[in-house]
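Data first, discussion second: the structure below is written as structure tokens.
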Amino acid sequence: MDMWSWICELSNSDEWAESNSPLIFQLASFKATQSIQLRAERTTEPNSDDALVTFSVCSQGFDSSDTEMTLWVSDTCPLSSSKPFLPLILQLLQEIISRSPTAQDSTCPSSQLQKLKPDPVAWILDSHSPESFSLFFNLIFLTRLFWLCVCDSPSEVGSLYFHSLLTPNVEIFTCKYAPAQTVLRTFFISVGVDVELCFMRTVGYMLAKWLILREIGIGLHSLTPLPSHSLGFSYAMESHGLWVMKGYAPVWAMKRTLFNGKKYRFPVIEAKESVLRYTLAHQQLEVVIQLEYTVGFFDGWIHVNARVDNLRLHVAKLGFKKNDEEGDYEDERHFPSRIRIWVGPEVGATYVTGLSLGRSTDNVERELEMQKVAKGSFGKSKFPKVKAMARTAMRTRMKTWRWDQDADGNAAIFDAILCDNSTGLEVSTWKPSSGDGEPGTGFRKRYTGARRRFTKTGGLVFARDECGEGVGWRLSKEMEGSVLKWRIGGQVWLSYWPNDVKSSYFETRSVEWCDEVDLPLIPGQC
């Protein structure tokens with residue numbers, strides 16, 4: 001779909017020069033009788049020659065009377081303006097954000113997002129090529145159409161949307177489409193994290209519905225396979241001495257883990273537990289990785305240090321507070337079981353002369369106690385009253401998370417693995433034996449109690465003092481004054497074990513992201 005080019009060419013349309021009839025862009029159709037259309041209608045203001053354009057989304061042929069139904073009408077767009085279609089873009093974004101599903105236990109209820117300011121969006125429109133912005137417009141328009149067609153229209157309209165609109169264009173919601181992701185990244189940085197969360201939870205909710213319908217396959221045989229790249233979005237940036245990477249992925253779009261390189265037959269959820277599958281499908285992984293870096297300049301070399309500053313993972317529940325469908329499964333969700341982060345120079349870089357790793361955190365702590373007691377008496381006695389006693393006590397404490405460091409060429413790897421204190425097993429690779437329907441009690445009630453392993457909202461936070469030591473690189477002095485591209489990436493595993501219900505279902509899924517950040521080697525700016 002190249003809607004943006006069609007919209008931009010409206011003012012030069014020959015059809016409008018001859019008649020004021022609405023111009024139609026066919027979004028989707030079925031058997032030439034049912035269709036979803038985008039219409040543009042030109043009007044003029046009273047007592048003025050300025051031309052205005054109003055857009056509308058209409059459905060046709062979805063009832064017995066074959067009538068046309070208007071689903072949505074835009075604000076007016078002045079053709080005489082230097083950016084005539086900026087009001088359309090702002091309206092689409094504002095309506096997407098205002099209808100965003102939030103986590104069941106999310107932020108302060110008194111916080112309300114204000115309307116988007118036009119200046120950041122106008123700057124994005126000017127600073128990107130028409131081709132890149134066209135993909136971005138398709139992304140936001142498809143997202144807005146989801147609410148119109150699926151939630152506010154007859155079911156037949158929603159079915160046509162999933163078949164003919166979302167499915168052929170679903171790859172635009174992956175990291176594969178770099179131009180669209182570049183514009184989206186710029187948009188997020190310009191409008192702030194609150195708008196970013198609302199937008200990505202809307203996208204996550206929409207993709208969760210599509211993945212559920214694709215899985216059950218009822219009437220959806222034409223759906224394409226899952227994209228090769230993970231559904232969701234990620235981006236990275238350098239800011240004030242930090243490398244920051246953010247990632248979003250619907251849990252149901254993450255790949256299931258293979259155990260020992262072989263497929264494992266996961267337990268089938270019984271019909272009575274279908275609500276559990278529905279609950280698990282409406283979740284989204286949200287990750288923030290912050291690495292702090294410093295640059296030192298010495299005689300003959302440059303020293304770059306990096307360490308994990310903050311690592312935040314949250315499994316958000318994609319739903320509405322008025323939705324009580326989950327019932328007893330409300331507290332069932334996936335949890336992080338392994339996090340792998342890598343950072344380093346570009347592949348093939350010859351300006352790095354050495355990589356120094358920190359010590360991997362020891363997983364076992366031992367405490368040793370010794371006590372000696374001696375008793376005795378002097379003098380002759382048939383039974384000497386002398387006793388000697390020694391007591392030794394040893395306590396072993398297992399840490400829940402083990403932090404390791406490794407290297408892949410000149411890239412440093414931080415690897416955090418969740419272990420079960422009682423058994424010592426790695427959670428992300430756990431596989432029950434045949435007939436074992438209970439994965440263990442160590443992770444039940446994991447969101448409640450003083451010794452809970454995760455936050456009450458299903459999150460996890462690591463601060464710098466928990467993530468092991470930093471790493472360092474020595475670079476050639478010749479690179480001073482340049483800005484290098486440094487690669488950064490992450491892989492996250494999510495596992496599910498029953499938390500508050502009796503079930504034999506378990507699984508582990510993973511997602512991987514990779515991007516580039518700037519490394520300025522300019523004295524006085526590092």
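The values are calculated or read from the model by the stated rules, or taken from the named source; none is laboratory data. Please read all numbers here as calculations on a predicted model, not as lab measurements. When we count neighbours, we look across all protein chains shown, and the Cβ atoms used for this are built from the backbone with ideal geometry, even at glycine.
Before moving on, here are some points about what is shown:
- Top-ranked residue of the range 2-41 - restricted to ones that are among the small types (G, A, S) and farther than 21 Å from P130 by Cα, ranked as modelled with the lowest pLDDT: A17
Residues are listed down the side, and each one gets a yes or a no for (1) at pLDDT below 85; (2) aromatic (F, W, Y); (3) crowded, with 19+ Cβ neighbours inside 10 Å:
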residue: L207; (1), (2), (3): no, no, yes
residue: E215; (1), (2), (3): yes, no, no
residue: H221; (1), (2), (3): yes, no, no
residue: F233; (1), (2), (3): no, yes, yes
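- Residue match in the range 282-289 (condition: modelled with pLDDT of 80 or more, farther than 29 Å from R452 by Cα, assigned to a loop (DSSP other than H, G, I, E, B) and assigned by TED's automatic domain parsing to the domain that holds C467): no
- Qualifying residue in the range 485-492 (condition: more than 30 Å from A316 (Cα to Cα) and surrounded by fewer than 20 Cβ atoms within 10 Å (Cβ to Cβ)): yes
- The range 446-475 - residue that is among the β-branched types (V, I, T) and more than 20 Å from L318 (Cα to Cα) and, of those, surrounded by the most Cβ atoms within 10 Å (Cβ to Cβ): V471
- Residues of the range 151-196 that turn out to be farther than 24 Å from V511 by Cα and among the aliphatic types (A, V, I, L, M), as a count: 4
To keep it simple, each residue is scored yes or no on (1) of a type in the set (S, T, N, Q); (2) farther than 17 Å from V73 by Cα.
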{"residue": "I124", "(1), (2)": "no, yes"}
{"residue": "S127", "(1), (2)": "yes, yes"}
{"residue": "F136", "(1), (2)": "no, yes"}
{"residue": "F141", "(1), (2)": "no, no"}
{"residue": "L145", "(1), (2)": "no, no"}
{"residue": "C151", "(1), (2)": "no, no"}
{"residue": "G158", "(1), (2)": "no, yes"}
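- Going through (1) modelled with pLDDT of 90 or more; (2) among the hydroxyl-bearing types (S, T, Y); (3) not in a helix (DSSP H, G or I) one by one, S153 falls short only on (1).
- R391 vs. criteria modelled with pLDDT of 80 or more, outside any loop (DSSP other than H, G, I, E, B) and of a type in the set (K, R): no
- Looking only at the range 63-81, and only at residues there that are under 36 Å from the mean Cα position of the chain (by Cα) and assigned to a loop (DSSP other than H, G, I, E, B), the one that is surrounded by the most Cβ atoms within 10 Å (Cβ to Cβ): S74
- Scan the range 463-518 for residues that are of a type in the set (S, T, Y), in contact with an Asp or Glu (Cβ under 9 Å, 6 or more places away or on another chain) and in a loop (DSSP other than H, G, I, E, B) and the total you get is 3.
- Screening the candidates F414, F383, F378 for the property of being under 19 Å from Q491 (Cβ atoms), among the aromatic types (F, W, Y) and either in a strand (DSSP E or B) or at pLDDT below 65 (or both) yields one hit, F414.
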